Structure formats: structure tokens, C-alpha cells
Amino acid sequence: MTSEKAILIKNLEMHGLKILVLNGSPRPNGNTKKMVNAFAEGARTGGHQVDIVDVCRKRIAGCLGCDHCQKVSEGVCVQRDDMQEIYDLLKEANMLVLASPVYYHSFSGQLKCAIDRTYAIAHPGKLPNLKKAGMILSSGDDDVYEGAIYELNRNFKEFLKLDIDFMKLVAKDVTEETLAEIKEEAFRLKEPVEKKEESGNDN
Ligand SMILES: Cc1cc2nc3c(=O)[nH]c(=O)nc-3n(C[C@H](O)[C@H](O)[C@H](O)COP(=O)(O)O)c2cc1C
């Protein structure tokens, strides 16, 4: 086992995952936020550290597409707004969870702005701590998740090579039963991490 991999596994065992949740719902007590809170409670009980950023309460402009971050400033965005907080958390995070109401078959615009702005730092190999992604969606109808799933798979699974380790897609008002399921699944997040990392015999 490489020493870098051994250190990562040791850190995960000792401290759990560092999880960043970007909540894209503007409703402070809406369905998405209830699920985010249940996720955070379960994950924290399971030994993980969870930071929640309510992006709708932040000042986060859309990407300008100037490419300054790529061509000039080595990952530093020219826009100085609340995205700086997310950049700092993202650099430390082992898991990124995107939480959003479904708006017109995808993420809310506020969350999309934050996702687009990760362009400054989120490229293959540039976020060595980040290994996993998850998604929590709330919607009015069933079967309206293809847009967000497509974005998650193409951007985070295929491009950034993250494991998708948590997915909850819930239509209509969230129930206590669903919140209990989310807590339980978030609590168990650690298990697959250890199994997956330890399954290789390259010791
Ligand atoms: C602007 C807007 C667009 C929406 N678009 C969709 C949609 O395309 N499909 C759907 O099933 N629900 C849609 N909804 C309903 C929300 O996804 C649903 O009410 C969700 O539970 C809201 O989550 P929240 O309680 O976290 O705000 C839309 C709601 C709004 C306000």
C-alpha cells in the first residue's frame, strides 16, 4: 500500500469523512433542508464532520467564463464573493453532497452558480482529498431527476472520478420515515469507505 493511501485510510478511520453539503434550497424549513439536516445528524453520529452551506443565503455570482483561474491565477477566481468560503471547504472535503429542490428538471439556479464556480479549482487531480459525491433532491413529481443525475454523473463521477456514495430522490413532502432512512444511511457512510479502501491486497 502506498504511504499516501495508508495515511488517507488512517485519517478516515480516525476522524471519519469531512463532508461538505451545498444546499440549494431557498426555503429554510423546506423539504431539502429537512433532508440535509437528517443527513448531517446521521453522518455526525457516525463520526463524520459535516459542513452545510446554504448557498441561497450567500452572495455567489455566476461564473464569468474569463478563464483567469485557469490561465493566469492558478485556481484563484477573480470574483471576490462568498464562494471563497466554499473553495476553502471544498479543498478539505472528502465528500461533496449536492442538495437541491428540482427546479425545471435540474438543480436550483443558486446551486448551479456555485457548481459552475467550482471550475476554478475542481479539475481531475486538483482536489486530492475529494473522493466521494452524493445527491439529495426534492421534487413535486416523481421521475424528474434525469437532469440532475446527468450532471452528477458527467461532472462529478466521470470527470472528477468521484464515487457516488449517497443518493436520495424524494417526491412531494418528505415524511418522518424518509428522514429516518436518510439518518440511517448517512450514519452508515463509513462502512463502504473502509471496505472499498481495504479490499486491495497491495499492502
Ligand atoms: C421555480 C420552481 C421550479 C420547479 N420545477 C419543478 C420541476 O421541474 N419538477 C418537479 O417535480 N417539481 C418542480 N418544482 C417543485 C419543487 O421541486 C418541490 O416543491 C420541492 O419539494 C421544493 O423543495 P424545498 O421544499 O426544499 O424548497 C419547482 C418549484 C419551483 C419553485
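Each value in this text was obtained by applying a stated rule to the coordinates, not by laboratory testing. None of these values were measured; they are calculated from a predicted model. Ideal geometry is used to build each Cβ from the backbone, glycine not excepted, and the neighbour counts take in all protein chains shown.
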Task: the chain, helix-only ellipticity at 222 nm - DSSP H runs n ≥ 4, -39,500 (n - 2.57), divided by all residues, nearest 500 - done: -11000 deg cm²/dmol
TODO: Evaluate the relative contact order of the chain (contact order divided by residue number), counting alpha-carbon pairs under 8 angstrom at least 6 apart; express in whole percent.
DONE: 28 percent
TODO: Compute the distance in nm between two label points, each set 7 Å from the Cα along the Cα-to-Cβ direction, one at D82 and one at E181.
DONE: 3.1 nm
TODO: Only loop residues by DSSP count here, and only those with at most 16 other Cβ atoms within 10 Å; note down the GluC sites (Glu not before Pro) in segment 7-102 that meet that.
DONE: E74
Task: Candidates N29, N37, N155, ranked by Gaussian network fluctuation over the chain, Cα under 10 Å, top entry - done: N29
TODO: For segment 58-139, compute Rh as the Kirkwood radius over C-alpha pairs and then the Stokes-Einstein diffusion coefficient at 25 °C and 0.890 mPa s; write the answer in µm²/s, rounded to an integer.
DONE: 182 µm²/s
TODO: Taking only Cα atoms and a 10 Å spring cutoff, compute GNM fluctuations for the chain and point out the largest among V53, V72, V174.
DONE: V72
Task: Candidates A120, A99, A186, ranked by Gaussian network fluctuation over the chain, Cα under 10 Å, top entry - done: A120
Open item on the list: No solvent, one uniform scatterer per C-alpha: report log10 I(q)/I(0) for segment 64-107 via the Debye equation at q = 0.16, 0.26 1/Å, two decimals.
Closed with: -0.64, -0.96
TODO: Quick one: net charge around A99, please, counting Lys, Arg +1 and Asp, Glu -1 for every other residue with C-beta under 15 Å from its C-beta.
DONE: +3
Open item on the list: Only four residue types carry charge here, +1 at the Cβ of Lys and Arg and -1 at the Cβ of Asp and Glu. Report the dipole size of the chain about the Cα centre in Debye, rounded to the nearest 20.
Closed with: 520 debye
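Length gain on complete extension for the stretch D142 to S73, per 0.36 nm per residue less the alpha carbon to alpha carbon distance?
This chain segment gains 20.5 nm when fully extended.
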Open item on the list: Taking just the alpha carbons, could you work out the radius of gyration and Dmax for the chain, both in angstroms?
Closed with: 16.9, 50
